[in-house]
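Chemist: Here's a structure for you.
The values are calculated or read from the model by the stated rules, or taken from the named source; none is laboratory data. Quick caveat, the model's predicted, so the values are computed rather than measured. All Cβ positions, even for glycine, are placed from backbone atoms using ideal geometry, and neighbour counts span all protein chains on display.
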Amino acid sequence: MLDLQPDRTVSPSGPRPPARPGDSEKITINLGPIDLGHLDLLVAEGVYANRSDFIRTAIRNQIERHAEVTRQSVARRSVELGLRRIDRADLEAALAEGRRLDIRVLGLASIAPDVGPDLARAAIASLEVLGSLQASPAVRAALADRLR
């Protein structure tokens, strides 16, 4: 397993500050021995600080390479790009107006800790997150049938 948590490193694009908790998510990838050997050689030669730095840079390069596809998809799917904070006041306001929310986020959706499962279930009709969802276990369970 490769650790993809941000650290204080210098990448080809310059120094990066350390990430705050919640800014990243750990993933696991499988690589063949030849690809892994190439990766380790680049790290040994000082091209990248570590395996995680190489992988993050490769991912960012692919995201940049396909930026137009992402832009078109975000526009077509009415997806919010970046961070979407969902707090108690948002949900209560929606309910007071007699509407339920259909939330689509590419990035991070964060449901505030003061939002309980009953309020989340009453106010959120659907929740699609391409990225990461931060919510209490109780809210996640309450919205399980609405998550896409």
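Chemist: I'd like to check something: does the stretch 32-42 contain any residue that is modelled with pLDDT under 95 and on the phi > 0 side of the Ramachandran plot?
Modeler: Checking the stretch 32-42: not a single residue is modelled with pLDDT under 95 and on the phi > 0 side of the Ramachandran plot.
Chemist: Picking from Asp90, Asp114, which residue would you name as being in contact with a helix residue (DSSP H, G or I) (Cβ under 6 Å, 6 or more places away or on another chain), over 30 Å from Gly37 (Cβ atoms) and among the charged types (D, E, K, R)?
Modeler: Numbers: Asp90 fails: in contact with a helix residue (DSSP H, G or I) (Cβ under 6 Å, 6 or more places away or on another chain).
The unique qualifying residue is Asp114.
Chemist: Quickly run through the stretch 100-127 and pick out the residues that are of a type outside the set (A, V, I, L, M) and either without any contact (Cβ under 8 Å) to a residue 40 or more places away in the chain or in the same structural domain as Ile27 (by TED's automatic domain parsing) (or both).
Modeler: Within the stretch 100-127, Arg100, Asp102, Arg104, Gly107, Pro113, Asp114, Gly116, Pro117, Asp118, Arg121, Ser126 qualify.
Chemist: In addition: Do we have any residue at all in the stretch 80-99 that's crowded, with 16+ Cβ neighbours inside 10 Å, in contact (Cβ under 8 Å) with a residue 40 or more places away in the chain and within 19 Å of the chain's Cα centre (by Cα)? I'd like the intermediate steps shown before the answer.
Modeler: Restricting attention to the stretch 80-99, the residues satisfying the condition of being crowded, with 16+ Cβ neighbours inside 10 Å are 84, 86, 88, 90-91, 94.
Those still in the list that are in contact (Cβ under 8 Å) with a residue 40 or more places away in the chain too: none.
Looking through the stretch 80-99, none of the residues is crowded, with 16+ Cβ neighbours inside 10 Å, in contact (Cβ under 8 Å) with a residue 40 or more places away in the chain and within 19 Å of the chain's Cα centre (by Cα).
Chemist: If you check Ala44 against the conditions, is it closer than 24 Å to Ser24 by Cα, without any contact (Cβ under 8 Å) to a residue 12 or more places away in the chain and assigned by TED's automatic domain parsing to the domain that holds Glu25? Working first, answer last.
Modeler: On the way: closer than 24 Å to Ser24 by Cα: no; without any contact (Cβ under 8 Å) to a residue 12 or more places away in the chain: yes; assigned by TED's automatic domain parsing to the domain that holds Glu25: yes.
So Ala44 does not fit the description; no.
Chemist: Just for the stretch 104-120: of the residues that are over 15 Å from the mean Cα position of the chain (by Cα) and either at pLDDT below 95 or in a helix (DSSP H, G or I) (or both), which one is surrounded by the most Cβ atoms within 10 Å (Cβ to Cβ)? It would help to see each step written out before you state the result.
Modeler: Kept after step one, since they are over 15 Å from the mean Cα position of the chain (by Cα), are these residues of the stretch 104-120: 112-120.
Those still in the list that are either at pLDDT below 95 or in a helix (DSSP H, G or I) (or both) too: 117-120.
Working: Pro117: 16, Asp118: 11, Leu119: 17, Ala120: 25.
Looking at residues that are over 15 Å from the mean Cα position of the chain (by Cα) and either at pLDDT below 95 or in a helix (DSSP H, G or I) (or both), I get Ala120.
Chemist: Given the conditions (1) in contact with a helix residue (DSSP H, G or I) (Cβ under 9 Å, 6 or more places away or on another chain); (2) farther than 20 Å from Val115 by Cβ; (3) of a type in the set (A, V, I, L, M), which single one is not true for Ile59?
Modeler: (1)
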